[in-house]
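Structure record follows, encoded as structure tokens.
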Amino acid sequence: MTEQSPPPLIDIAENPAPEGGIVRWLTAADQVRLRAAFWQPGDTAKGSFLILPGRTEFIEKYFEVCNQLLQRGFAVGILDWRGQGLSDRPLRDSHKGHVDTFSDYLTDLDCLIAAARAQALPPPYRILAHSMGAHLSLLYLYRQPDNMAQAILCSPMVHIRTQFMIHALARTVSFVGNLFGYAEAYVPGGRVYDPDRDRFEGNLLTGSAERFARTAHLVRAHPRLALGSPTYGWMEAAYRSMARAIQPEFCAAITTPILMLYGSEEKISDPHYQRRVARQLPNCTSHCLQGASHEILQETDAIRNRFWHALDTFCGIAADEAPG
């Protein structure tokens, strides 16, 4: 892993960056360049959180979350996955979300952990992950069950509720598309992300109009952050990985203490399978947050307050230590 000149964080009025951030270009083992950022709290840190975003997401979307972890006394590290944010993108059409195998993402996570240690982020390490990041956390914890003290997994991507066709047909289409050489083509109905076209009304991500608009403001400020629909290749890789992650023997091997949170209004990753995985994990506490959609960390204040209460309880943070 090597580092090059760091790019700046994208700081806009609607989404100011936490103070004191250190931004780095990282080079993964397969030479893919990744963008990462690190923060230390003002006082002695209680430990560190590694934030693992979901598909399409980027560092700036988590500034608010970073601030709240820093206020609790934790150091923070976060990255743009390959193909997302300002990290390297594999295809000429940069809006296509593509990866050949989800193992590539684990290479990114190994790189982030090594960089966090190089930046002297103190142990113990914890994971805070959303959707695809939560799925990748399960893969990592299966491989390295003792490397993380705890993991908080929000809306883990364990079974996609496909919008454009039923699950079984979508699984077949992704397999056939890859078989006939369309791995780098958009899935049916796929398109670029346009913040002026995607509306808050009817969205499946969040009930917070303010935070939905904030993401659009960030992409308008820096269009290279945008990511559109996945490719056949990404979808096939996702289906293969999800099929593995819901198996009882796979889950039984993950002994890390886990807090799993999912929303009652979840329409993207099937809550039935989230509950199933939670039951199969030997050391997992799970909660359904009433009223929450897919992006719990980007939800309304009322829902996010319930999320932070659950995290504080799980991490043993006393009420007088948590920010108001």
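Assorted remarks:
- Residue within region 280-294 that is under 18 Å from residue 68 (Cβ atoms), small (Gly, Ala, Ser), crowded, with 20+ Cβ neighbours inside 10 Å and touching a residue at least 60 places away in the same chain (Cβ under 8 Å) present: yes
- For region 110-137, the set of residues classified as charged (D, E, K, R) and either surrounded by 20 or more Cβ atoms within 10 Å (Cβ to Cβ) or within 21 Å of residue 186 (Cβ to Cβ) (or both) consists of 126 only.
- Matching residues, region 148-187, being assigned to a loop (DSSP other than H, G, I, E, B), within 22 Å of residue 292 (Cα to Cα) and at pLDDT below 90: 161, 162, 163
- Going through (1) surrounded by fewer than 20 Cβ atoms within 10 Å (Cβ to Cβ); (2) touching a residue at least 60 places away in the same chain (Cβ under 8 Å); (3) in contact with a strand residue (DSSP E or B) (Cβ under 7 Å, 6 or more places away or on another chain) one by one, residue 107 falls short only on (3).
- When the criteria are applied in full, residue 224 meets the requirement of being farther than 17 Å from residue 65 by Cα and of a type in the set (D, E, K, R).
- Failed condition for residue 190, given (1) under 23 Å from the mean Cα position of the chain (by Cα); (2) more than 30 Å from residue 307 (Cα to Cα); (3) not in a loop (DSSP other than H, G, I, E, B): (3)
- Residue within region 196-217 that is in contact with a strand residue (DSSP E or B) (Cβ under 9 Å, 6 or more places away or on another chain), of a type in the set (A, V, I, L, M, F, W, C) and in contact (Cβ under 8 Å) with a residue 12 or more places away in the chain present: no
- Residue check for residue 132: of a type in the set (A, V, I, L, M), touching a Lys or Arg at 6+ places or on another chain (Cβ under 7 Å) and within 19 Å of residue 274 (Cα to Cα): yes
- Residue 285 vs. criteria in a loop (DSSP other than H, G, I, E, B), more than 18 Å from the chain's Cα centre (by Cα) and of a type in the set (Ser, Thr, Tyr): no
- Residue selection: residue 206 satisfies the criterion of being among the β-branched types (Val, Ile, Thr) and part of a loop (DSSP other than H, G, I, E, B).
- Of residues in region 295-323 being surrounded by fewer than 20 Cβ atoms within 10 Å (Cβ to Cβ) and of a type in the set (Val, Ile, Thr), the one nearest to residue 265 (Cα to Cα): 300
Listed here are the residues, each with its yes/no results for (1) part of a loop (DSSP other than H, G, I, E, B); (2) aliphatic (A, V, I, L, M); (3) at negative phi.
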position: 30; (1), (2), (3): yes, no, yes
position: 61; (1), (2), (3): no, no, yes
position: 67; (1), (2), (3): no, no, yes
position: 76; (1), (2), (3): no, yes, yes
position: 87; (1), (2), (3): yes, no, yes
position: 93; (1), (2), (3): yes, no, yes
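- Residue 90 being of a type outside the set (A, V, I, L, M, F, W, C) and crowded, with 23+ Cβ neighbours inside 10 Å: no
- The one condition from (1) in a helix (DSSP H, G or I); (2) exposed (fewer than 14 other Cβ atoms within 10 Å of the Cβ); (3) at pLDDT 95 or above that residue 272 does not meet is (3).
- Out of 264, 229, one residue alone is under 30 Å from residue 10 (Cα atoms) and not aliphatic (A, V, I, L, M). It is 229.
The values are calculated or read from the model by the stated rules, or taken from the named source; none is laboratory data. All values reported here derive from a predicted model rather than from experimental measurement. Ideal geometry is used to build each Cβ from the backbone, glycine not excepted, and the neighbour counts take in all protein chains shown.
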